[in-house]
Structures are given as C-alpha cells and as structure tokens.
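S.K.: Below is the structure I would like to discuss, written out as structure tokens.
Taken together, the values in this text are just the output of simple stated rules run on the coordinates, not laboratory data. Bear in mind that the values here come from a model prediction, so they are computed numbers and not experimental data. Because the Cβ atoms are built from the backbone with ideal geometry, glycine has one as well, and the counts that use them run over all protein chains shown.
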Amino acid sequence: MQVTMIVNGERVTRDVEGRLLLVHFLRDHLALTGTHWGCDTSNCGACAVWLDGEPVKSCTVLAAMAAGHEVRTVEGLEQLGELDPIQRGFMHCHGLQCGFCTPGMLMTTRALLDSNPNPSEQEIREAISGQICRCTGYASIVRSVQWAAAEESGTRTSTVDPASVRSEPRSRERTADRP
Ligand code: FES
Ligand code: FES
C-alpha cells in the first residue's frame, strides 16, 4: 500500500506493507535513524516521536495509521542550524550518557515545555515516566529540562543553574526515585 505523510515538514510517499510500524518506516524507509527502536513492547519510550504534535511511541503506531498526518522526529528539532533549547539543555546538563533513550526523551520533554513552560520537578518526572533511561539516574535529565525551561523564559542565569540544582542520592536515583 502507498502511504503519504508530512515528516519534519516534508511530504513523503512510500510503498509499504500494511503491517509496517511507524518506527521502522522512519528508520528503514526514510533513514531517520535518530528515532531508536529499543523494546518493541511499548515499554522503553526510545521510539517516541510526535504525531500531529503529540508524543507517541512509534512502535505502537502503524505507518498506515500515520498516513495523512504530521510526524516530527528528533531530526526535526533543530531549526535553521540552531539546536532547540531542550537539546542544548541536555548538552549543558549532561542529560545523556549512552544516548539511546535521548531522542525519545527530547521529543517528550519538548512537548512538555510547549504545553507547560515552567514544569515542576514532579511534572517533568511524570512526563518522562513512560521512558526508561538505564544510564543517567534521571536527575540530570530533570536538570536538563529545567535548564531549557529557564533558558526559554529568560531566567536561566538567575533561577536555574545546573550546578545549583540538588541531585538525588545515587542510590535513590537508580531505584525508588525512578519516574
Ligand atoms: S521501542 Fe517503542 S517503546 Fe520501546
Ligand atoms: S543515556 Fe543511556 S539509556 Fe539514557
């Protein structure tokens, strides 16, 4: 079957099997490998993209279901050669280590800041609660989102400095304090 959709602002049309998942459509048919495929069971969130502006796990969506809709992937975050503030936040606050979860985290937290420009730590943790990071312990991801929120509101230097945000004890980060 033929599917047509808008991906990162570009209209794309491909012949695909009806059973093809959106994550594989993006990676294998469009070479947009920034969207990661981690579990295939809807648990890890590494495959998160936007569908009509809402984060979705692209391993739970058929490419055919996305036909006629707008998809945005991590490749579409940067604009005119400028990294999005959420990308810069992850860079400044070390919000990634291996980077496998990062594309999904970026798409989810970008959507969070679009709807809630000044989220609390709890709101950030709730927003990413469907995503697994095996490396960071989440504290640096929370700091990254706070950095981006402060950057976008113009209050970064006066309110949120990465070095001043309290980190949870590592033992809690890795277990009970997971989102
Ligand atoms: S690959 Fe989609 S949730 Fe893990
Ligand atoms: S940075 Fe490695 S899984 Fe999150």
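S.K.: In nm, to one decimal, how far is the modelled label at Arg14 from the one at Ala31, with both set 7 Å along Cα→Cβ?
M.R.: Roughly 1.2 nm, to one decimal.
S.K.: Determine the sum of side-chain charges near Leu51: Lys and Arg each +1, Asp and Glu each -1, restricted to other residues whose C-beta is under 9 angstrom from that of Leu51.
M.R.: Net charge around Leu51: -2.
S.K.: Quick one: Karplus J couplings for segment 50-67, per residue in order, coefficients 6.51, -1.76, 1.60, θ = phi - 60°, nearest Hz, x for Gly and Pro?
M.R.: For segment 50-67, the Karplus-derived couplings read 9, 10, 6, x, 10, x, 9, 7, 6, 7, 10, 10, 6, 4, 5, 6, 8, 4 Hz, x marking Gly and Pro.
S.K.: So what's the gap between the Cα centers of segment 1-65 and segment 95-158, to the nearest angstrom?
M.R.: First find each Cα centre; the distance between them is then 22 Å.
S.K.: Placing unit charges on C-beta atoms (Lys and Arg positive, Asp and Glu negative, everything else neutral), compute the dipole magnitude of the chain about its Cα centre in debye, rounded to 20.
M.R.: So the magnitude is around 560 debye.
S.K.: Scan around Leu62 for amide H atoms under 5 Å from its own, H built in the peptide plane at 1.01 Å from N, and keep only partners 5 or more places away or cross-chain.
M.R.: Answer set, sorted by chain and number: Leu22.
S.K.: Right, something else. Compute a Gaussian network model of the chain, connecting alpha carbons closer than 10 Å, and tell me which residue from Leu20, Leu51, Leu106 fluctuates the most.
M.R.: Leu20
S.K.: Using the charge dipole of the chain (Lys, Arg: +1 at Cβ; Asp, Glu: -1 at Cβ; taken about the Cα centre), state which of Ala67, Ala46, Leu26 has its Cα farthest towards the positive end.
M.R.: Going by the charge dipole, the pick is Ala46.
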